[in-house]
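The values are calculated or read from the model by the stated rules, or taken from the named source; none is laboratory data. Predicted model only: the values in this text are computed from it and were never measured. Neighbour counts run over all protein chains shown; Cβ positions are idealised from the backbone, glycine included. Keep in mind that these areas ignore ligands, DNA and RNA; they rest on the heavy atoms of the full protein, side chains included. Shrake-Rupley method; radii C 1.70, N 1.55, O 1.52, S 1.80 Å.
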Amino acid sequence: MSLLPRTSEEFSSTEYWDRFFKKRGDRAFEWYGDYNKLCGVLHKYIKVQDKVLVVGCGNSELSEQLYDVGYRHLTNIDISETVVAHMNQRNEERRPDLSFQRVDATQTPYEDASFQAALDKGTLDAMASAEQGALARRMLGEVSRVLKVGGRYVCVTLAQESVVKLAVEHFVQLGWAVRLHCLQEERGKEEEEDTFALPVFVLVCTKFRQPMPAPILEMCVGDDGAPVRHAQACELLSAVREYQAYSVLRKRLRTSTEPGSSLSLTLCDARTGLPRYTLTVQDCPPGAKVPRPNQFAIFIVPRGSETAWLYCSPEGRRQLAASANFRRLVIVSMHRNQEYTDMEAVQSELSPVVMDLAPPGMPTNQQVPFLSVGGDLGWREEVSRGVSQLSGDYCVENVRGEDGELYRRLVFLSNISLVQSESRLVSSNAAASSHKKKNKKKSKAASAAVPPSACLSVDSGFLCCAHHEVMVAGLSMLGVGTQQDKDVPVSVLLVGLGGGGLPQFLRDFVPNATVEVVELDPVVLEVAKEWFGFRPDECLSVTLGDGLDRIGSLEKEGGRLFDVVMFDVDNKDSSLGMSCPPAAFVETPVLQKVFNILSPRGLFMLNLVCRDSILRKTVLERVRRVFPTILSRKIAEEINEVLLCFREEKDAAHILPSLSQAAKNFQSTLSSERTEPKRRPHIDIAEMLKDLVIE
């Protein structure tokens, strides 16, 4: 197993392949497969009557096996006199017409266009490392010369990146068609720990009378898999690395269990090459009592639920696997922009490949159950797609949650596992009634269909994000809802708009609230207006620009103070262990500016998403230097936590006990007087203030 790379990128490493060829030693040809493995693709491209030049034949049995099935026009060449003598002697009686000649493949004596095919099993791999590839290029030049128009160079290779790159560039320059076949191991075949994991590839290059104006670069899986066209050589090389990495992963899964890790792979549509399924393998922990029949199962994640904690986080997947109680559970997510008919069709599509992922020792004929929530695929509808210069491609989609409710989401496609914004949808009465009449005579399945987008509107009284609910609940600490403060205005500065659900809730349900939102991306503002029902007015304004610049301007101008400053802005730099907020927002000078624009009773609320415990400690230390009292509230089943930071020092012994009454006052005060139509706010203030911790 020491021969196997840790990542697909390592297949590009010269050092890796140097180690590989050194370690494989005398067992060279067994890595390339025997006649039984290669015959399907060889018979496809080389006809029995073809004149075939076998380049660097060595002592392989392949030519003998081809001869025995009818190929009688084979010319075998090798530079080793010993090998040639041995092979001629070995075949003198049984195969008198099988010719072996001592010939240098880089300078052959044969006439131009004298062969219909050239067969190479491992010779290109061996020659490519010599003289910085010059030897291999001379050999390929000879192959190009001696092949007829329509002839094919058929090369069995392990597809070292530098080797494939050399060959592809050579033949593309000549205007030939290039196709690669990846010969995977037979599915369901029992594997030993010490068997080889890398797949064998067959490179097929076809000569044309006139050079092709644009490169023809194709990849196929197996002997007769449908070819996938690639526009550039780098795309073809990337596909090779992916198949190599998949074979290594398959090998690991078929020979061992790894309960401590979640291994993932993506299956692509064979016709388009686009991602179709993501499969995550979750093994049960050692010592778990799993019923003997429960070896292996497939769980289909409902469309629209991929970002749920249970399916997208390591902890959630471990919990899901423990609940399912199988030795190995494969969790399958479906991708956007792909069509899926029904559960039966998905099972049929996945069934041929799932045995690749079965745990070691599982019988190949054992039935694999498919599990799901509610027995269907869920529902997702893309309603809009666009591009932001700041955040890249995005889509707006409607989904049905596992609670049966409909939701609208904004997702940036650079991070499809993260929902940028989410709002619950409700049916518009008139439109929904009209839709119901149209569907009255349809089947039961059709009548249960989701209303079209025109019949749906955003429920502004429902906050989908728990950290938004905590932020709203935190307003109770300002005394909002008490008799003495019932007419006191509440001013809020919010950095980060998203779909606009949080600022609209504040405007619609918190009495006397005025909200200024700062949003960097103008596209996000337009999406919020068009798809999330966001409507600014005299009580809710939007400033387009950098949040840090706006805070700096407000401090410099002076005179305007806010009761609450909220940071709810994500970090586009995924290399850091903190995805919310960007690191610059928690630098000490910025925190001091926030402090300076708060009113005396002011409260700073920070949505913190930090996986790095050391970085979290650093952030807290900075916040403590500026704000005298800090409460934190972790969000269940999420990484998020909300920091509630007071401008004035609070008595820690009294602040938590007083929250119960403050929550009751605020809950009773929330109203829907400024909404049209009127809707009740769906929030439990007391619940959101539970489990607060003094930092």
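A few notes on this one:
- Mean separation of Cα contacts under 8 Å, 6 or more apart, over the residue count of region 456-608: relative contact order %: 23 percent
- Nonlocal amide H pairs with residue 518, under 5 Å, H built at 1.01 Å: 494, 495, 496, 543
- In this structure, residue 693 and residue 546 have a Cβ-Cβ separation that, at R0 = 22 Å, corresponds to a calculated FRET efficiency of about 0.10.
- Translational D in µm²/s for region 249-300 (Stokes-Einstein at 37 °C, 0.692 mPa s, Kirkwood Rh from C-alpha pairs): 252 µm²/s
- Evaluated with a Cβ-only charge set (Lys, Arg +1; Asp, Glu -1), the chain carries a dipole of roughly 1280 debye about its Cα centre, given to the nearest 20.
- Across the chain, C-alpha contacts under 8 Å between residues 6 or more apart give a mean separation that, scaled by the residue count, equals a relative contact order of 7 percent.
- Cα shape, region 372-415, gyration tensor, a/c 1.5 rule: prolate
- Amide H contacts of residue 113 (H built 1.01 Å from N, in plane; Pro and chain starts excluded): 146, 147 sit under 5 Å, all sequence-distant by 5 or more or on other chains.
- The distance separating the Cα centre of region 89-140 from that of region 304-360 comes to 48 Å.
- The order of 344, 397, 637 by accessible area, most exposed first and with a 1.4 Å probe, is 344, 637, 397.
- The overall shape of region 502-617 is oblate: from the C-alpha gyration tensor, with semi-axes ordered a ≥ b ≥ c, the ratio a/c is 1.5 or greater and a/b is no larger than b/c.
- From largest to smallest, the equivalent ellipsoid semi-axes obtained for the chain from the alpha-carbon gyration tensor read 64, 27, 25 Å.
- ³J(HN,Hα) computed for each position of region 686-695 - Karplus, 6.51 cos²θ - 1.76 cosθ + 1.60, integer Hz, glycine/proline x: 4, 5, 6, 9, 5, 6, 5, 10, 7, 8
- Cα centroid separation, region 268-301 to region 28-88: 40 Å.
- Amide H contacts under 5 Å for residue 428, placed H, 5+ residues apart: 456, 457
- Residues residue 51 and residue 224, FRET efficiency given R0 of 25 Å [Cβ-Cβ distance, rounded to 0.05]: 0.50
- Distance in nm between pseudo-label sites at residue 212 and residue 36 (7 Å out along the Cβ direction from Cα): 3.4 nm
- Charge sum, other residues only, whose C-beta stays under 11 Å from residue 617's C-beta, Lys/Arg counted +1 and Asp/Glu -1: 0
- Each residue, residue 556 and residue 88, gets one label point 7 Å from its Cα in the Cβ direction; the gap between the two is 9.0 nm.
- Gain on full stretching of the segment that runs from residue 428 to residue 599 - 0.36 nm per residue minus C-alpha separation: 57.5 nm
- 625, 385, 152, ranked by accessible area, largest first (probe 1.4 Å): 625, 385, 152
- Here the Karplus relation 6.51 cos²θ - 1.76 cosθ + 1.60, evaluated at θ = phi - 60°, turns the backbone of region 282-298 into coupling constants of 10, 8, 6, x, x, x, 5, 8, 9, x, 3, x, 7, 7, 7, 8, 10 Hz, with x for every Gly and Pro.
- Formal net charge of residues neighbouring residue 553 (Cβ-Cβ distance under 13 Å; K, R +1; D, E -1): -1
- Coupling constants for region 615-625 follow from the phi torsions by the Karplus curve (6.51 cos²θ - 1.76 cosθ + 1.60, θ = phi - 60°), and in residue order they are 5, 4, 4, 5, 4, 4, 4, 5, 5, 5, 5 Hz; glycine and proline get x.
- Net charge dipole size for region 536-695 [Lys, Arg +1 and Asp, Glu -1 on Cβ; Debye, nearest 20]: 260 debye
- In the chain, taking the dipole from charged Cβ atoms about the Cα centre, the farthest positive-side position among 578, 337, 475 is held by 337.
- Surface composition of the chain: carbon and sulfur make up 49 percent of the accessible area, probe 1.4 Å.
- Shape category assigned to region 542-687 from the gyration tensor of Cα positions, a/c cut at 1.5: rounded
- Over region 74-113, accessible surface divided per residue gives 64 Å², non-protein components excluded, 1.4 Å probe.
- Label point at residue 418 placed 7 Å out along Cα→Cβ; residues across region 538-577 whose backbone nitrogen lies under 11 Å: 569-577
- Packing-based ranking, highest mean first, of 61-71, 85-95, 159-169 given that Cβ atoms within 10 Å are counted: 159-169, 61-71, 85-95
- Length gained on full extension, residue 231 to residue 661: 148.2 nm, using 0.36 nm per residue less the C-alpha separation.
- Label-to-label distance, nm, for residues given as residue 173 and residue 341 (7 Å Cα→Cβ offset): 4.8 nm
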